[in-house]
Amino acid sequence: MNKVSLLLLVLVLLLGAQAPSCGAGISAVADSSFVRQRHRRPVFQFDQRFSLLNGKVVGINGLKGGIEFNGRLRAGLGVYLLSGGVPTDAPLPPDLPPNTRDELRFRYLVGYGEYVLVGNPRWEVSTPVQIGVGSFYSRYRLPDGKVRRSAKDQIYILEPSIASHYRVFQWLGLGAGAGYRQMLFINDKLEDELSGVIFYGRVKLFLGDLYKITRGRQKLFSQDGLRARDWQK
């Protein structure tokens, strides 16, 4: 089984895990720990991702925004930019001198969907899946210090993962997650160099809750609604 087939299988399993159970008893237990919201609300995330690529930990900075439906499903768009280069041992173009340093750089846009598996008003565990398209290029640093770039080429990305977050306040949460980035429809060499395990941290702003708090002149750093005694009634 190749990497693409394996990743698609993981995606199917993740989506399958989101389907509601047919058993009434199991369903009742699961529903007791779901966050329920009867309205839509906007969500916004600063998403800092890391990958181990070619023996180097590289960071990918991202911003994501979307809409949350009924406290269970989120969907939206995001943009990601590599913060540093990815080392590569690909052959240099023949017109470049020896000792030229070569690294890969990429950026991409994504559409994402995220389903809450289990949670309560304080914390949750979810399964985000991102599908993206972007571009990459090679950056060459010559021995004399000059820099050259190759022409840009297109990439396609699939990123299934599992994530969690903890609400510090009603409008602010801190989270983390792990998954896998699979590059699609590129040659095997680049696929191996740019695909890999991802792990990330995120800061989540719940804009709808922040708006309600400021509009109602409530305490900004209150724990109201987050304590177990508030939502286990």
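The values are calculated or read from the model by the stated rules, or taken from the named source; none is laboratory data. Bear in mind that the values here come from a model prediction, so they are computed numbers and not experimental data. Positions of Cβ are backbone-derived with ideal geometry, glycine not excepted, and every protein chain shown enters the neighbour counts. The area values use the complete protein model at the heavy-atom level, side chains included, leaving out ligands, DNA and RNA. Shrake-Rupley method; radii C 1.70, N 1.55, O 1.52, S 1.80 Å.
Descriptive notes on the structure:
- When residues in region 148-165 are screened for being part of a strand (DSSP E or B), more than 20 Å from V79 (Cα to Cα) and open to solvent by less than 80 Å² (accessible area, probe 1.4 Å), 2 of them pass.
- Inspection of region 44-64 finds a residue satisfying the criterion of being modelled with pLDDT of 90 or more, in contact with an Asp or Glu (Cβ under 6 Å, 6 or more places away or on another chain) and open to solvent by less than 20 Å² (accessible area, probe 1.4 Å).
- Checking each residue of region 121-137 against the condition of being more than 25 Å from L205 (Cα to Cα) and among the polar types (S, T, N, Q) gives at least one match.
- On the stretch given as region 178-233, residues that are charged (D, E, K, R) and farther than 17 Å from P121 by Cβ total 9.
- If you check V168, V133 for being touching a residue at least 12 places away in the same chain (Cβ under 8 Å), among the aliphatic types (A, V, I, L, M) and part of a strand (DSSP E or B), only one passes: V133.
Residue-wise test of (1) open to solvent by 40 Å² or more (accessible area, probe 1.4 Å); (2) of a type in the set (S, T, Y); (3) under 16 Å from L184 (Cβ atoms).
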| site | (1), (2), (3) |
| --- | --- |
| L109 | yes, no, yes |
| G113 | no, no, no |
| G119 | no, no, no |
| W123 | yes, no, no |
| Q130 | no, no, yes |
| V133 | yes, no, yes |
| L142 | no, no, no |
| K146 | yes, no, no |
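- Checking L82 against (1) closer than 22 Å to K189 by Cα; (2) open to solvent by 20 Å² or more (accessible area, probe 1.4 Å); (3) not acidic (D, E), the condition it does not meet: (2)
- Within region 190-233, the set of residues being in contact (Cβ under 8 Å) with a residue 12 or more places away in the chain, part of a helix (DSSP H, G or I) and open to solvent by 80 Å² or more (accessible area, probe 1.4 Å) comprises just one member, W231.
- Residue match in region 5-12 (condition: surrounded by 15 or more Cβ atoms within 10 Å (Cβ to Cβ), under 21 Å from T127 (Cβ atoms) and at pLDDT 85 or above): no
- Considering only residues in region 81-124 that are of a type in the set (D, E, K, R) and in contact (Cβ under 8 Å) with a residue 40 or more places away in the chain, the one that is farthest from S135 (Cα to Cα) turns out to be R122.
- Residue in region 28-36 that is open to solvent by 50 Å² or more (accessible area, probe 1.4 Å) and modelled with pLDDT of 80 or more present: no
- When region 79-112 is limited to residues that are in a strand (DSSP E or B) and in contact with a Pro (Cβ under 7 Å, 6 or more places away or on another chain), the one that is modelled with the lowest pLDDT turns out to be E103.
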